[in-house]
Amino acid sequence: MWKTVNEHISQAIHYDFKHTYKRQLQSTNTDKLFHLTNGTHNYLVKIALKSELERLESEAVGLKLLTQNSIFMVPDCIVTGANIEFSFIVLEWLVLDKQPHTRWDDMGKHLAMLHQKHPQAMYGFDVDNYLATTVQPNRWHKKWDVFYAEERIGWQLQLLAEKNINLVEPDRIINLVKEQLHNHHIEPSLLHGDFWRGNMGFIKNIPTLFNPACYYGDREVDMAMSELFAPLPNDFYNAYNKHYPLSPNYEKRKLIYQLYPILNHANIFAGHYLTEAKQHIDRLLS
């Protein structure tokens, strides 16, 4: 495995790379993370099953897009590849600042600047990608309400149904989402797509993002996710709203947008997330 990784890195950087040190890092999912170095060059290597290569390649696409369209410090993808058993992605090694962070206002400003660009007229993405380890379909749509209801909420409910888990009659919640979003007319923004504390940080006080699930959609999706699992400091929200104010009706849509990551957790982890998803759906339908 590591011989293949070294060979791919060497080809990518046009330098004969052979690691002299390898350290496994903590991971929040089934991927294995390693710090790899030869004493001069340092890399983050993510290892997954060979069948996961497409997911790692879609991560590389998202990172490149964020680099091109934002002023965030985004790790470069050095190379992706696979051998007979495993797939891998090699990323630029970035050393994150230790907490507590003090420049959350810059994080908010940077995200607002990303969201203010509207290079697409439709909602979706050129390729399907992944939210964590779940396939995320991105077929282009002209209407945001249809895209979000079908490609996000309907898709997650379909995945649950394939596991014989039925939290709600799908058409009930899909129709509700379409109804709630039908008159919400917005220009598509490039979204990080998985915007929560675990996928961001700072490098010498410069905001950084990683682990993207990019597509073009309503900027409020990123904001809603930022409030879901571990809300960011007020400095972030104040700075964002100063540069790109949210609509007063955002609070109503926030619950709809938070359902998608909750359903994704239910699909991946089951357990109490199924209960949380059911409660969230009942709240929306009440």
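The values are calculated or read from the model by the stated rules, or taken from the named source; none is laboratory data. Worth saying up front: this structure is predicted, and the values here are computed from it rather than measured. Every residue, glycine as well, gets a Cβ built from its backbone with ideal geometry; the counts of neighbours run over all protein chains shown. What goes into the accessible areas is simple: the full protein's heavy atoms, side chains included, and nothing from ligands, DNA or RNA. Shrake-Rupley method; radii C 1.70, N 1.55, O 1.52, S 1.80 Å.
Descriptive notes on the structure:
- Computed from Cα atoms, the angle from the helix 2-13 axis to the main principal axis of the chain rounds to 90 degrees.
- Neighbours of Ile174, meaning other residues whose beta-carbon lies under 13 angstrom from its beta-carbon, give a summed charge of -3 when Lys and Arg score +1 and Asp and Glu score -1.
- Added length on full extension, which subtracts the Cα-Cα distance from 0.36 nm per residue, Leu255 to Lys18: 80.4 nm
- Near Leu25, once Lys and Arg are set to +1 and Asp and Glu to -1 for all other residues with Cβ below 14 Å from its Cβ, the sum equals +3.
- Partner lysines for Lys18 [C-alpha distance under 20 Å; skip if fewer than 8 residues away on the same chain]: Lys3, Lys32, Lys46
- Here the label points at Ser10 and His272, each 7 Å from Cα along the C-beta direction, are separated by 5.0 nm in the simple model.
- Each part gets one Cα centre, and for segment 59-106 versus segment 130-150 those centres are 23 Å apart.
- Per residue, the chain exposes 50 Å² of accessible surface when a 1.4 Å probe is rolled over the protein heavy atoms with every protein chain present.
- Shown are Glu162, Glu7, whose ranking by accessible area with a 1.4 Å probe and every protein chain present, most to least, is Glu162, Glu7.
- Only the Cβ atoms of Lys and Arg (+1) and of Asp and Glu (-1) were treated as charged; on that basis the dipole of the chain about its Cα centre amounts to roughly 420 debye.
- Nearest-ten-degree value, helix 104-115 long axis tilted from longest Cα axis of the chain: 70 degrees
- Ordered from largest to smallest accessible area (heavy atoms of protein chains, 1.4 Å probe), the residues Cys214, Cys77 come out as Cys77, Cys214.
- Put simply, when 168-174, 60-66 are sorted by average Cβ atoms within 10 angstrom per residue, most first, you get 60-66, 168-174.
- Measuring nothing but protein heavy atoms, the accessible surface of the chain at 1.4 Å probe radius is 50 percent carbon and sulfur.
- Label-reachable residues, segment 244-269, where backbone N falls under 20 Å from a point 7 Å from Phe229's Cα toward its Cβ: 254-269
- Relative contact order %, the chain, counting alpha carbon pairs below 8 Å whose residues are six or more apart: 17 percent
- Exposure check, 1.4 Å probe, all protein chains in place: Trp140 carries approximately 80 Å² of accessible surface.
- J(HN,Hα) series, segment 23-40, from Karplus relation 6.51 cos²θ - 1.76 cosθ + 1.60, nearest Hz, glycine and proline x: 10, 7, 10, 5, 9, 8, 9, 7, 5, 9, 10, 9, 9, 10, 8, 10, x, 10
- Once C-alpha pairs closer than 8 Å and six or more residues apart are averaged by separation and normalised to the residue number of segment 128-222, the relative contact order reads 27 percent.
- For segment 78-161, relative contact order (Cα pairs under 8 Å, six or more residues apart, normalised by length) works out to 15 percent.
- Difference of contour (0.36 nm per residue) and Cα-Cα distance, Leu96 to Gln26: 23.7 nm
- Difference of contour (0.36 nm per residue) and Cα-Cα distance, Asn241 to Asp76: 56.5 nm
- Pairs from the table (Lys117/Lys204; Lys50/Lys163; Lys109/Lys204; Lys204/Lys254; Lys22/Lys204) lying more than 20 angstrom apart at Cα are Lys117/Lys204; Lys50/Lys163; Lys204/Lys254; Lys22/Lys204.
- Net charge of the neighbourhood of Asp76, taken over other residues with C-beta under 15 Å away and scored Lys/Arg +1, Asp/Glu -1, is -1.
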